[in-house]
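The values are calculated or read from the model by the stated rules, or taken from the named source; none is laboratory data. This one's a predicted model, so the numbers in the text were calculated from it and none came from an experiment. Cβ placement follows ideal geometry from the backbone for every residue including glycine, while neighbour counts extend to all protein chains displayed. Ligands, DNA and RNA are excluded from the accessible area calculation, which covers all protein heavy atoms including side chains. Shrake-Rupley method; radii C 1.70, N 1.55, O 1.52, S 1.80 Å.
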Amino acid sequence: MTRTSGRRTRGRSIIAGALAAASALLLTSCTPQAPVVSASAPAPVTFADGLDTPWSMVFYGDALLVSERDSVRVLEFDENGERHEVGVIDGVAPGGEGGLLGLAVRDDELFTYITGVEENRVERRTILGEPGELSLGEPTSVIDGIPSASNHNGGRIAFGPDGMLYITTGDAGERDSAQDVEALSGKILRLTAEGGIPADNPFPDSPVYSYGHRNPQGIGWDAEGMMYASEFGQDTWDELNVIEPGGNYGWPEVEGTAGDGDFIDPVQQWRPSEASPSGIAVTGSDILIANLRGERLRRVPLDDLASGTEDYFGRFGRLRDVLVAEGAVWMLTNNTDGRGDPGDGDDRIILIPMD
């Protein structure tokens, strides 16, 4: 994972400390619901529990920052899993799938994707203070006017290897808007950190990078700069897509593989009951995909995008986000979002050592 903070770049310290602190727990309060699919999957540990509808994770140097969708809090975690409230984001109107969603960090700024009363928008705030006592400055708008609804809000934001900010937006229930390149819904957007439109975007004077999306919630890049996105289908197929600038991914004309030259087909598709893919992370060899209804971590090898394995099936319930930092995979459960079956201690941050 690329560190984006200019002031704090000691990423290994929190991971080493977290592994030491969490190893004694070994998920003693989490009862498996089904066997792990892959016998070689590393043993996970609970890093932190008791979260309220968490949605996104990002590192700011040594600090792990997590958003909570409904409480609209940003939390900071140290290497022992102890938390500190960094801030409560103003102007958020939680409801349905909307609220405080994606987080991204660049230098000493935190970017947030939020659902307001009439729109989704992205804001940025200066991160103030030292680890354990972080706080946030006043917001500056990056982009607003993104259509919102009780569902299909997209919400993932991340900086690509080109330094640009990528934003996933859902169709907000207006299916046909996904095919309208003048609309911001049903898209992946690309902007500068300040909200400007890059000159090399595929549509002149437009933030639209790709279109024909229903509800994309995961984006990531491999070492060669190839972009991948996970996407919720409707009733038939969820998708993993390779994202091309200006690409049309078909919704609502098609769902899943169509074999139609007008649209770009997914490299892999799954039944929603087995997937509902949200956050993704890309390692040197694999794409890791957190699945909500599917309640599993899917691993897709970069050298064979049509294949994959599944780990921790049913063990932690719904998985909303996954990230990779030096030496570990971090998973975020999402059983308190109104669609899961929360157990004692939910929701959790799960830490998995990597080989």
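For this structure, a couple of remarks:
- Residue-wise HN-Hα couplings along region 223-232, as the Karplus relation 6.51 cos²θ - 1.76 cosθ + 1.60 with θ = phi - 60° gives them from phi, are 5, 9, x, 6, 9, 10, 9, 9, 8, 6 Hz; Gly and Pro carry x.
- Protein heavy-atom surface of region 159-253, 1.4 angstrom probe: 44% of the accessible area is carbon and sulfur, with nucleic acids and ligands not counted.
- Whole-Å semi-axes of the chain's equivalent ellipsoid (Cα gyration tensor): 28, 24, 19
- Value in Å of the Kirkwood radius, where region 170-217 supplies the Cα pairs that are averaged: 10.8 Å
- Sequence-separation-based contact order of region 246-355, relative, with Cα cut under 8 Å and 6+ spacing, percent: 16 percent
- Mean-position separation - Cα centroids, region 148-195 and region 210-289, in angstrom: 14 Å
- P(r) for region 160-245, from all Cα pairs and a bin width of 5 Å, is 3, 16, 25, 25, 19, 8, 3, 0 %, short bins first.
- Taking every Cα-Cα distance in region 212-340 and sorting them into 5 Å bins starting at zero, the pair-distance distribution P(r) comes out as 2, 12, 22, 24, 20, 12, 6, 2, 0 percent.
- Taking θ as phi - 60° and the Karplus parameters 6.51, -1.76 and 1.60, the scalar couplings of region 256-273 work out to x, 6, 10, x, 10, x, 7, 10, 8, 7, x, 7, 7, 9, 9, 5, x, 5 Hz in sequence order, x denoting glycine and proline.
- Contact order normalised by residue count of the chain, Cα under 8 Å, 6+ apart, percent: 16 percent
- Distance between the pseudo-spin-label points of residue 267 and residue 302 (7 Å out from Cα toward the beta carbon): 1.0 nm.
- In the chain, helical runs assigned H by DSSP with n ≥ 4 each contribute -39500 (n - 2.57); averaged across all residues and rounded to the nearest 500, the mean residue ellipticity at 222 nm is -1000 deg cm²/dmol.
- Packing around the peptides 343-353, 316-326, taken as the average count of other Cβ atoms within 10 Å per residue, puts them in this order, highest first: 316-326, 343-353.
- Modelled spin-label separation between residue 194 and residue 224, with each label point placed 7 Å from Cα along the Cα-to-Cβ direction: 3.5 nm.
- Using C-alpha pairs under 8 Å with a sequence gap of at least 6, the mean separation divided by the residue count of region 72-154 gives a relative contact order of 25 percent.
- Percent breakdown of C-alpha pair distances by 10 Å bin, ordered from the shortest bin, for region 203-255: 23, 53, 22, 2
- Accessible area (Å², per residue) of the chain, counting only protein heavy atoms and a probe of 1.4 Å: 38 Å²
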